[in-house]
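Notes follow the structure.
The values are calculated or read from the model by the stated rules, or taken from the named source; none is laboratory data. On a predicted model such as this, the values are computed, not experimentally measured, just so you know. For neighbour counting, all protein chains shown are included, and Cβ atoms are generated from backbone atoms with ideal geometry for every residue, glycine included. What goes into the accessible areas is simple: the full protein's heavy atoms, side chains included, and nothing from ligands, DNA or RNA. Shrake-Rupley method; radii C 1.70, N 1.55, O 1.52, S 1.80 Å.
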Amino acid sequence: MNPTTLHTWATIAAVVFTATAGDILIAGGMRKLGDLDDIRAKSGLLGAIKAVLSSGMFLIGITCMALSFFSLLFALSGADLSLIAPATASLTFITTAAAAKFFLKENVDRRRWIAALFVCAGVALLAK
């Protein structure tokens, strides 16, 4: 594997990992908070904002999403958008489904796993 290809796939992996971590942490943080409409009804809009911004999981998730964005910029500085965009989007779909199943205990049905396999095949075709 040449250094350019290694750089490209390393940056894609960084985008995928940080985006997945961000999605899972934000979703987990929001689930722990509960219904924002209930919080807003009790504490007003500022109370709801304060509740969200005081959630450690939410803030770490936002940090991961920011890292994902900057990783994407780094990836785009060294590779074609026609590879980076579909590879990061599709691989993030797969890793987020797996992480949601294992960390958030979501029901990820057979149809989603089959779709994930097709996504993997598509990314493999792009990489050639």
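Pick out which of 83, 33, 53 has the largest mean-square fluctuation in a Gaussian network model of the chain, springs linking Cα atoms closer than 10 Å.
In the Gaussian network model the winner is 53.
Please sort through the DSSP H helices of the chain and keep those with an alpha-carbon extent of at least 20 Å along the long axis and a Kyte-Doolittle average not below -0.5.
Those that pass (Cα extent of 20 Å or more, hydropathy at least -0.5) are 3-33, 56-76, 81-103, 110-127.
For residue 49, what accessible surface area do you get with a 1.4 Å probe? Give it in Å², rounded to 10.
Only protein atoms counted, so the area is about 70 Å².
Multiplying the sequence separation of residue 13 and residue 31 by 0.36 nm and subtracting their Cα-Cα distance, what value in nm do you get?
3.8 nm
Could you grab the relative contact order for the range 6-128? Cα pairs under 8 Å, six or more apart, rounded to a whole percent.
Worked out over the range 6-128, it gives 35 percent.
If you add up the charges near residue 99, with Lys and Arg at +1 and Asp and Glu at -1, over every other residue whose beta carbon is less than 10 angstrom from its beta carbon, what do you get?
Here the count lands on -1.
Give me the one-decimal nm value for the distance between modelled label points at residue 63 and residue 77, 7 Å along each residue's Cα-to-Cβ direction.
About 2.2 nm, to one decimal.
Under a 1.4 Å probe, what is the accessible area of the chain per residue, stated in Å²?
On a per-residue basis, 63 Å².
Over the Cα atoms of the chain, what radius of gyration and what Dmax do you get, in Å?
Radius of gyration, then largest Cα-Cα span, for the chain: 17.4, 58 Å.
Counting only protein heavy atoms and a 1.4 Å probe, tell me what percentage of the range 84-128's accessible area is made up of carbon and sulfur.
Carbon and sulfur: 70 percent of the exposed surface of the range 84-128.
When N is the residue count of the range 54-128, what does its C-alpha Rg come to as a fraction of 2.2 N^0.38 Å?
Taking N as the residue count of the range 54-128, the ratio is 1.29.
Dividing the alpha-carbon radius of gyration of the range 10-76 by 2.2 N^0.38 Å (N being the number of residues), what value is obtained?
1.32
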